[in-house]
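The values are calculated or read from the model by the stated rules, or taken from the named source; none is laboratory data. All values derive from a computational prediction rather than experimental measurement. Virtual Cβ from ideal backbone geometry, glycine too; neighbours counted across all protein chains shown.
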Amino acid sequence: MTEIVLWVSVQELCQCGGFTEQIIVEAVDHGIAHPADGGNIADWMFDTTSAHWLRKAVRLHHDLEIDWIAISMVVDLLRKNEALKRQSLCLEQQLNRFVN
């Protein structure tokens, strides 16, 4: 199976997401989003997963006025929660194959 990865540039994030470059830099500095390519800020490219977490982080920052360090911890916990949910679903499906 082929995996398709979509890339988003900093300029696209700023135009479509309503972000500023400063917000993106803050998110990268705190490990919320990870540029996959690019040497300087203008050349950074993000996969859609990073763009997804960046959007959540910015919403937390604006809506709840949480600082970036706390947002980084919250996003880390949310990522772990999603991973555990996926793992749980996978294990449930495996169990159902044995039971049924």
Give segment 9-41 a look and list any residue that's closer than 14 Å to residue 52 by Cα and touching a Cys at 6+ places or on another chain (Cβ under 8 Å), or say none. 24
Which is under 11 Å from the mean Cα position of the chain (by Cα) and small (Gly, Ala, Ser), of 72, 88? 72
Can you pull out every residue in segment 3-18 that is free of Cβ contacts under 8 Å to residues at least 40 places away in the same chain and either closer than 14 Å to residue 44 by Cα or aliphatic (A, V, I, L, M) (or both)? 4, 9, 10, 11, 12, 14
Any residue in segment 61-84 that is within 15 Å of residue 31 (Cβ to Cβ) sitting within a Cβ distance under 9 Å of a residue that is part of a helix (DSSP H, G or I) and basic (Lys, Arg)? List the pairs, counting only those 6 or more apart or interchain. 71/56; 74/56; 75/56; 78/56
Just to be sure I understand the filter: pairs with C-beta atoms under 7 Å, separated by 6 or more residues or on different chains, first member in segment 21-36 and at positive phi, second member in a helix (DSSP H, G or I) and modelled with pLDDT of 90 or more. Which pairs pass? 31/72
